[in-house]
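The values are calculated or read from the model by the stated rules, or taken from the named source; none is laboratory data. This is a predicted model, so every value here is computed, not measured. With ideal geometry, Cβ positions are generated from the backbone for all residues, glycine too; neighbour counts draw on all protein chains shown. Remember, those area values only see protein heavy atoms, side chains included, never the ligands or the DNA or RNA. Shrake-Rupley method; radii C 1.70, N 1.55, O 1.52, S 1.80 Å.
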Amino acid sequence: MEVIMALTVGGMVAGSVYLFLSRQYLRVMFGVIVLSNAVNVAILTVGRLTSGRAPLISRGNEVMDQAAANPLPQALILTAIVIGFGLLAFALALGYRAYQEMGTLDTAAMRAAEPEDKR
Amino acid sequence: MMESLILRTGVRLLLPLMLLFSIFILWRGHNEPGGGFVGGLICAVGFALHAIAFGVKAMRDMLRIDPRTILGTGLLVGITPGFLGALSDEPYMTAQWLGALGTPVLFDIGVYLVVVGAILAMVQTLMAEGED
Amino acid sequence: MILTAILAIILAAFIAPTLNRVLPALSHWLLALVPLSAAYWFAIQVPGVVAGVPVLESTSWAPSLGVALSFRLDGLSLLFALLICGIGAFILIYSGGYLRGHPREGRFHLFIMAFMAAMLGLVTADDLISLFVFWELTSITSFMLIGFNNEDARSRRSAIQALMVTGGGGMALLAGLVLLGMASGEWSLTAIAASGTDLRTHALYPVLLVLLLLAAFTKSAQVPFHFWLPNAMDAPTPVSAYLHSATMVKAGVYLLARLNPTLGGTEPWFWALTIAGGVTALWGSAMALRSTDLKKILAYTTLMALGVLVLLVGIGSDGAMKAFAGFLLAHALYKGALFMGAGSVDHGSGTRNVGELGGLWAKMPATGLFIAIAALSMAGLPPMLGFLGKELIYEDVFGGGQYVALAALLLANSSMVAAAGILFLKPFLGVPTKAAAGAHESGPALLAGPALLAGLSLLFGLWPALPQGLLAAAASAARGAPLELDLHLWHGLTPALGLSAVTVALGVGLYAGLTSARTLLAGVQRVTRIDHDKAWDCLLSLLDRLAGRVAGWLQDGLLHRYLAWIFSGILFLLGTTLAVRGGLVWPGISLEVEDALGGSLAVLMLGGTVGAIRAHSRMEAVLALAITGMSVALFFLLFSAPDVGITQLMVETLSAIILVLIMAKLPLLPPGSDRSHRVAIFHGFLAIGLGGVVSAILLAALDQPLALGLSRFFGDTSLLEAHGRNVVNVILVDFRGFDTLGEITVIATAGLGVFALLRARMGKSKGRKA
Amino acid sequence: MTPWLTAAPILVPMLTAALCVAAWKYPVAQRVLSLLGSLILLVIGGILGRGVMEQGVQVAQMGAWAAPFGITLVVDPLSAVMVFISAVMGFCVALHALGDIDPVRERGGYHVVFQMLMTGVCGAFVTGDLFNMYVWFEVMLISSFVLLSLGGVREQIDAAVKYVCINMVATACLLLAVALLYGVTGTLNMADLSLRVPDVPSQPVISAIAVLFIIAFGMKAALFPFFFWLPATYHTPAVSVQAIFAGLLTKVGVYALIRVFTLIFTGDTAWTHGILMWMAGITMIVGVLGSLAARDLHRAWSWQVVAHIGSMVMGLAISTPLALAAAAFYMVHDIVVKTNLFLGAGLVRRLAGGSTDYKYLGGLFKTAPWLCLLLFVPLGSLAGFPPLSGFWGKLLLVRAGLEAEQYVMVGVLLLTGLLTIWLVGRVWAEMVWKAPAEPPAEPVQPLSAARSYVLILPLLLLSLITVAIGVNPERLMNAAGQVGDSLHDNTAYVEAVLGGSPGRPTLLGAAEVSP
């Protein structure tokens, strides 16, 4: 299963790279979403996949079952998801402001900070 | 704002349930799947739906508190329990337990509040942008 | 005490602007007392140093690097120190008169005294790094001085030019000195000389030599780095008199003389120095004859003198070093006097153009007298010190049989005779001109310097025993072996005297046929077609254009190009690493039944991704992204990560809400592709390449065993020590609660940030650009 | 020293930020809090620095969970130096901000986000855990997003678009790199990693992950070919923001590179450090060329930030104790100078009428001679003029490079130095010497006396630091030497974190998943 997921992550990365290279800010944002999903999947995958055994200590036990899933990557992903969401929300709001300010979402047409003719 | 009766009725019913559920999720998070994040997210989604259904002003009126206040409170609630370790000369964030209530639980509440505050701040400003 | 002297001058420099404001008429006289006292202290060291006991002192500075502020006063240093402080004091007095009433007179004193201190440090420093520090300080202070007429664009250009040429030399010097220290294992000149390591056979010797010569040649304006010196004449005359006669330009010569005992005497040394020196001497003298501006003439004769000095160090024999010391002193004295005299003429008559001057003798007799004496010394006529200096040179070069060098010197010296004529004869004794009619004699401040220096030129010529000891000591230091010097005005009918006679005859001839000589020189120049100054401009504008091209090409303001660069960089680095270092594995795929569900989720993730790329409308894209996000959430749920799964679901929902909220206010996606076919292929290549690389690394990583000790620990202690059954949550709020702490600050800042982005606006951006 | 002191560089600004949020209705209270918090951080940085230099590496286990299970904070000499100098910058910029930040930006939460930025910066310096470092990088990143766009001027929004998009890539790379490293070692604690990485069976995988770290941190540090976000953005936000960005942000990237490539990835140095060397060299050249192409003070300085990142990374790439010390020394020098240059450019902009385009500059020699003296210090130091701090940094690097026989790199360094001299000469001529533009870009607003003191005082402080380092470099050089030694031989670091002798059997490795 890990192998399949490794290839899937590669595919998602490829897709997000292609989206990132777009001139449309919204597509870049789609790239951001796909990329962070891909990385989150990658984290769970490198921590190895276990199905059907959540890392919980069931009633009556004092320690976690040895066969339960690896809890650490899950904690890392949770942190990463929330951080990614914060960044994404800000970036989306920024897109809105950019459109308001410059009247376009074509990044190639945004030349306020680096005007075309420098000399 | 969406003038859909179904949505409005649904939200009116759903919101209290979601709020309760979010607190439940927060509470059981230490032992079952859940926790401050998820709880906070559920709560925020509830309010966001309310705002979509009834408009941002209605949400503001209902909430009464500015999201930034929630956020600031959450940050302080999240940060300060860690200092209790100093009482027993232990490092920051060393858990102190008093029965079922421990500093990690307090910390989780802080997380909950920050998530709610931050997301509401976002949703509120974004929606207000269209209505003003 | 040497350090004290330097610091005292620096301190005085920083007081100068204030002092000038308080006592405008007196400040320069008072300030001059500082270098004068220093000069006095140096003067009383002469007997000891001449007797062969150098003055040493050292203060620790950066001991962990072996850097100390250590100073050593031997003959060579002492000769320079006396010139710097002595001439410096009179330059200060002179500039006080010259710049009277100038709004920035105080600042001028600041710069020139700072320069004085730097120069003093440079010639006395024993520690290699200290030497460099003072060397650079002279470059910086001279930058300030050359650009003193700061609203004049030419001055600014000249200042930057001088800074860059000498600064470039400084870079070479830094590398050279550090290599010298590493090669010898010692960081002070004394220790290097005492260590006895033969650097001439060291593997690094050629590199060392190139670097150090580069430094010395740029500083001392040797061809082909000479062009900055005449331009530096844009500075006020006191600066030219000081920096470009006695001191700064001689720093390079000083360095060569200083290093001669350790590095000199090899074939490369000899050829590099004699060729550069000879060419510079000839070039300088030719250009001097062509010029009509008094200061330009003097600048070019300075080039000639510097060339001669470098040539002498290159020859490096006993006699050459004696001649070096003698000529050094003679030149410093007469050149200082001439520059100050020229300034006085400029001041009195309002022009420096030889063509407009004539008959000044009647109006400015004192200036005339001092210029006459100095010019005689420059021409090398008895009974001046210049005569002695020139005799020493001829004696040695003739004796050594270096006839090419001799011919060059002969030519150069005869043009000095002609130049001396140009400087004195027409302006003072020629037919009175309009400029001369309004001329007036200068005051004591302007005359004190020329008087002293011209007087010394004469005095030392008549009484050579007076400077003899010091000159011998200087020559010994530069030779690295004790030398005796016996100077007499009349030393019999020697070949040198004969050569002097020839020189004078040639010089007179040149002066007489000046017009034809100039035509000839102009012709030669037209043939050679070398204008270094223009070449320099070309070089700079080339560099400038290169910079503009590179910056414009890389930083073109287009985000997708930036990202293309970045992704290409990532692909290149990771790709080559995988290719070169290997480590690729192709795992055997063994699919099990339970993988079927996961596999279909994977297909959904990829499908959503493709959908997002191919989406024609925004809603299609959001839908496609939702498919990806939801299948990721299901994937988490399927593989035992319920917390992550629920969170992912909620985050997906919220993201979708925000995305829809925002998109409602944005324009539609433009239909079709926003890139051309070729670009799309390139981007596709990048995308597939990066996806492949990431997969490859993931597969390689999955092929390694994973230690689960950390998770085992969490599982074992979660309930017993941290009182929680949900291990993931306990990790989040307790084991790794610190991560979560950082994370809530991120989400909090994001919330505030969105608020600030939409609410805190400065209003319409002001039209900042023209 | 208590573990509390070790954690204080994070807790103090974080608490300050939280209190500022709580006081979001009262800008004046926020100002006081921000300045006070910065001052406390400065004091703590000083005490911590002294403690580390005297007593060695300080460690705090957050939550009292022993390393490598919990999150460990580690202050070794490098961290101590970085925290202290960052605290100094934080204080100076907080002070400058009192006069610089306008009410709109203040209401937008400037003080909160500034303190958040400091939290992230200090967190990255202090943490001993790789994932935790990622978290602090994100704190820094989101704060920089907000600070960059705060005020919402059109140029800022445009700049923020580029900054955000490029940094999203960097973030993903970093997260992926951390995850992969966890996937092959099973640990996140950096000291633990340094022991476990050499034991990974497949070293080529480690090389690939190491290169991924070069990419991730290289983007943060603005190395070629990842620097594009920097010249596109640094000239747009408020002056205080520019100054703190220029001073600290990229240096955190350099710090992370140094940390990771002296502690964890020390196996395949021929490859990884070779890549760093190439990137450093090209970065220097491209950076300095860019600064020469710019016709605007802020933009020239932005490119200079890029150029000198190359110098520091060159020290890391050589990696001898002397070279590492040189990198540390240079970093401290550069932080002070770059902050000062941007503050100075902001001041010049106020004096020249709202623009730092060369064509609007000039006349300072006549109008503000004392300011010229003040500006000369960072300018001269940038060019490496002795005896200012930049000279010693350059000297150390040259010596380290020559001793390691990296002649080409030394040549590149010196060439960069020469071109920087050109830039400085040109800027001096344009800004100080040239007659001022008539008329100015915008009418010049006179400043009140109190405001101009607040604006100038930080410049003065920073210039004094530069001069002090230049005149008496020994103190910093000692500290840098200690940094170099401790980085070169990291046993003290590892022992302090894990306790006992390195390589002791931990619970790690007790159970493994085979591939």
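If you take the residues in region D:89-100 that are surrounded by fewer than 24 Cβ atoms within 10 Å (Cβ to Cβ) and of a type in the set (A, V, I, L, M, F, W, C), which one is nearest to D:Val494 (Cα to Cα)? Here the answer is D:Phe91.
Has region A:13-31 got at least one residue that is at the interface with chain C (Cβ under 7 Å from one of its Cβ atoms), free of Cβ contacts under 8 Å to residues at least 24 places away in the same chain and open to solvent by 30 Å² or more (accessible area, probe 1.4 Å)? Looking through region A:13-31, at least one residue is at the interface with chain C (Cβ under 7 Å from one of its Cβ atoms), free of Cβ contacts under 8 Å to residues at least 24 places away in the same chain and open to solvent by 30 Å² or more (accessible area, probe 1.4 Å). Of everything listed in (1) within 7 Å of chain C (Cβ to nearest Cβ); (2) closer than 22 Å to D:Ala232 by Cβ; (3) among the small types (Gly, Ala, Ser), the single unmet condition for D:Ala172 is (1). Within region A:81-95, the residues that satisfy the criterion of being within 7 Å of another protein chain (Cβ to nearest Cβ) and either open to solvent by 20 Å² or more (accessible area, probe 1.4 Å) or hydrophobic (A, V, I, L, M, F, W, C) (or both) are A:Ile81, A:Val82, A:Ile83, A:Phe85, A:Leu87, A:Leu88, A:Ala89, A:Phe90, A:Ala91, A:Leu92, A:Ala93, A:Leu94. Residues in region C:632-654 that are crowded, with 22+ Cβ neighbours inside 10 Å and in contact (Cβ under 8 Å) with a residue 24 or more places away in the chain: C:Val632, C:Phe635, C:Phe639, C:Ala641, C:Asp643, C:Val644. The helices (runs of 4 or more DSSP H) located wholly in region C:195-313 include none with 2 or more residues which are of a type in the set (Lys, Arg), closer than 22 Å to C:Arg157 by Cβ and in contact (Cβ under 8 Å) with a residue 24 or more places away in the chain.
Here is a list: C:Leu177, C:Leu209, C:Leu189. Which entry is surrounded by 18 or more Cβ atoms within 10 Å (Cβ to Cβ) and touching an Asp or Glu at 6+ places or on another chain (Cβ under 6 Å)?
Details: C:Leu177 fails: touching an Asp or Glu at 6+ places or on another chain (Cβ under 6 Å); C:Leu209 fails: touching an Asp or Glu at 6+ places or on another chain (Cβ under 6 Å).
One residue alone meets the criteria, C:Leu189.
Of the residues in region C:528-542, at least one is assigned to a helix (DSSP H, G or I), at pLDDT below 90 and among the β-branched types (Val, Ile, Thr).
Against the conditions (1) more than 32 Å from the chain's Cα centre (by Cα); (2) among the aliphatic types (A, V, I, L, M); (3) within 19 Å of C:Asp293 (Cα to Cα), C:Ala342 satisfies every one except (1).
Taking first residues from region D:4-21 that are within 7 Å of another protein chain (Cβ to nearest Cβ) and hydrophobic (A, V, I, L, M, F, W, C) and partners that are assigned to a helix (DSSP H, G or I) and surrounded by fewer than 24 Cβ atoms within 10 Å (Cβ to Cβ), the Cβ contacts under 7 Å between residues at least 6 apart in sequence or on separate chains come to D:Trp4/B:Ala86; D:Met14/B:Ile79; D:Leu15/B:Ile79; D:Ala18/B:Leu76; D:Ala18/B:Ile79; D:Val21/B:Arg68.
Does A:Met5 satisfy being closer than 24 Å to C:Gly689 by Cα, open to solvent by less than 10 Å² (accessible area, probe 1.4 Å) and of a type outside the set (Val, Ile, Thr)?
Details: closer than 24 Å to C:Gly689 by Cα: yes; open to solvent by less than 10 Å² (accessible area, probe 1.4 Å): yes; of a type outside the set (Val, Ile, Thr): yes.
Yes: the conditions hold for A:Met5.
Counting the residues of region C:486-499 that are outside any helix (DSSP H, G or I) and either under 18 Å from C:Leu406 (Cβ atoms) or modelled with pLDDT of 85 or more (or both) gives 1.
Filtering region C:597-615 for residues that are outside any helix (DSSP H, G or I) and open to solvent by 40 Å² or more (accessible area, probe 1.4 Å) leaves an empty set. The single condition among (1) among the charged types (D, E, K, R); (2) within 23 Å of C:Leu741 (Cα to Cα); (3) open to solvent by 10 Å² or more (accessible area, probe 1.4 Å) that D:Arg154 does not satisfy is (2).
Filtering region C:99-115 to residues that are over 26 Å from the mean Cα position of the chain (by Cα) and either modelled with pLDDT under 85 or open to solvent by 30 Å² or more (accessible area, probe 1.4 Å) (or both) leaves C:Arg100, C:Gly101, C:His102, C:Pro103.
Go through the residues of region D:316-332 one by one and say whether even a single one is modelled with pLDDT of 95 or more and within 16 Å of D:Arg426 (Cα to Cα). Within region D:316-332 (the criterion being modelled with pLDDT of 95 or more and within 16 Å of D:Arg426 (Cα to Cα)), the answer is no, since none of the residues qualifies. For region C:566-592, the candidate set comprises residues that are in a helix (DSSP H, G or I) and surrounded by fewer than 16 Cβ atoms within 10 Å (Cβ to Cβ); within that set, the residue that is farthest from the other protein chains (Cβ to nearest Cβ) is C:Ala579.
Within region C:9-28, being buried (at least 16 other Cβ atoms within 10 Å of the Cβ) and in contact with a helix residue (DSSP H, G or I) (Cβ under 7 Å, 6 or more places away or on another chain) holds for C:Ile9, C:Ile10, C:Ala12, C:Ala13, C:Ala16, C:Pro17, C:Leu19, C:Asn20, C:Ser27, C:His28.
Applying the selection to region B:19-36, what residues are open to solvent by 10 Å² or more (accessible area, probe 1.4 Å) and within 11 Å of chain C (Cβ to nearest Cβ)?
Once the filter is applied, which keeps residues that are open to solvent by 10 Å² or more (accessible area, probe 1.4 Å) and within 11 Å of chain C (Cβ to nearest Cβ), region B:19-36 yields B:Leu26, B:Arg28, B:His30, B:Asn31, B:Glu32, B:Pro33.
Would you check if there is a residue in region D:300-315 being within 19 Å of D:Lys434 (Cα to Cα) and touching a Ser or Thr at 6+ places or on another chain (Cβ under 6 Å)?
Scanning region D:300-315 turns up at least one residue that is within 19 Å of D:Lys434 (Cα to Cα) and touching a Ser or Thr at 6+ places or on another chain (Cβ under 6 Å).
Surrounded by 24 or more Cβ atoms within 10 Å (Cβ to Cβ), touching a helix residue (DSSP H, G or I) at 6+ places or on another chain (Cβ under 9 Å) and within 14 Å of chain D (Cβ to nearest Cβ) - does that describe any residue in region C:82-97? No, region C:82-97 contains no residue that is surrounded by 24 or more Cβ atoms within 10 Å (Cβ to Cβ), touching a helix residue (DSSP H, G or I) at 6+ places or on another chain (Cβ under 9 Å) and within 14 Å of chain D (Cβ to nearest Cβ).
Scanning region D:193-213 for residues that are open to solvent by less than 10 Å² (accessible area, probe 1.4 Å) and either over 26 Å from D:Leu498 (Cβ atoms) or touching a strand residue (DSSP E or B) at 6+ places or on another chain (Cβ under 9 Å) (or both) yields D:Ala208, D:Val211. Looking at B:Ile70, B:Ile79, B:Ile65, just one residue is within 14 Å of chain D (Cβ to nearest Cβ), at pLDDT 85 or above, at negative phi and outside any helix (DSSP H, G or I), and that residue is B:Ile65.
Of all residues in region A:52-80, those that are open to solvent by 10 Å² or more (accessible area, probe 1.4 Å) and either touching a residue at least 12 places away in the same chain (Cβ under 8 Å) or part of a helix (DSSP H, G or I) (or both) total 7. From the list D:Ala280, D:Ala270, the lone residue that is of a type in the set (A, V, I, L, M, F, W, C) and surrounded by 24 or more Cβ atoms within 10 Å (Cβ to Cβ) is D:Ala280. Can you work out which of the residues in region C:732-770 that are closer than 30 Å to B:Gln96 by Cα and charged (D, E, K, R) is modelled with the lowest pLDDT? It comes out as C:Asp734. Of all residues in region D:12-41, those satisfying the criterion of being buried (at least 21 other Cβ atoms within 10 Å of the Cβ) and within 19 Å of D:Phe125 (Cα to Cα) are D:Val12, D:Pro13, D:Met14, D:Leu15, D:Thr16, D:Ala17, D:Gly37, D:Ser38, D:Leu41.
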